[in-house]
Amino acid sequence: MPVPTITTAVIGGVLGLTVAWRPAIGVASTWTSRVAAGETAGCAEHVHDRLFFGLRTGDGVVSAEQWSRFLEEVVTPRFPDGFTVVDASGQWRAAGDAHITVEPSRVVEIAHDDSADARRHVHEVVEA
């Protein structure tokens, strides 16, 4: 069984989206695991990235229409073979702050080949 690794990526202003789970301000967790070819019958080698997005902004909560537009314009063109979106409720605390923020969130899971193009596409989604 592959050992998952934790990497982090800076999240930009995705339609004003904020990050749901933050080890530090302005940083999102991107969970990455690798499965080698042959470990699961019929599966090729792939990478699985999990991106966390908080939906609360300074202007309120991101609407269903805004989220759909983000998926349509940013995620789908880069991963047309598919991805999974999970509704979630996230919470986080800023460094040095005792207050815990709870907010509606979305988790985007993408399984892809381990190519430079796919890694670039993940970065483009994160930085959109």
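A quick yes/no check of all residues on (1) loosely packed, with under 12 Cβ neighbours inside 10 Å; (2) of a type in the set (S, T, N, Q); (3) at pLDDT below 90:
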position	(1), (2), (3)
29	no, yes, yes
38	yes, no, yes
81	yes, no, no
127	no, no, yes
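Residue-by-condition table, conditions (1) within 19 Å of residue 126 (Cβ to Cβ); (2) out of contact with any helix residue (DSSP H, G or I) (no Cβ under 6 Å at 6 or more places or on another chain); (3) at pLDDT 90 or above:
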position: 18; (1), (2), (3): yes, yes, no
position: 34; (1), (2), (3): yes, yes, no
position: 42; (1), (2), (3): no, yes, no
position: 45; (1), (2), (3): no, yes, no
position: 64; (1), (2), (3): no, yes, yes
Considering the stretch 88-125, residues that are crowded, with 19+ Cβ neighbours inside 10 Å and in contact with a Ser or Thr (Cβ under 7 Å, 6 or more places away or on another chain), and then whichever is modelled with the highest pLDDT, we arrive at 105
The residue that is nearest to residue 67 (Cα to Cα), considering only those in the stretch 91-128 that are among the hydrophobic types (A, V, I, L, M, F, W, C) and assigned to a loop (DSSP other than H, G, I, E, B), is 128
Can you tell me which residue in the stretch 63-78 is surrounded by the fewest Cβ atoms within 10 Å (Cβ to Cβ), limited to those that are of a type in the set (S, T, N, Q) and not in a loop (DSSP other than H, G, I, E, B)?
68
Does residue 3 fit the bill of being under 20 Å from residue 112 (Cβ atoms), of a type in the set (A, V, I, L, M) and at pLDDT below 90?
yes
Filter the stretch 74-128 for residues that are closer than 17 Å to residue 55 by Cα and of a type in the set (Asp, Glu) and give the result.
87, 103, 109, 127
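The values are calculated or read from the model by the stated rules, or taken from the named source; none is laboratory data. No experiment lies behind these values; they were computed from the predicted model shown. Note: ideal-geometry Cβ built from the backbone for every residue, glycine included; neighbour counts use all protein chains shown.
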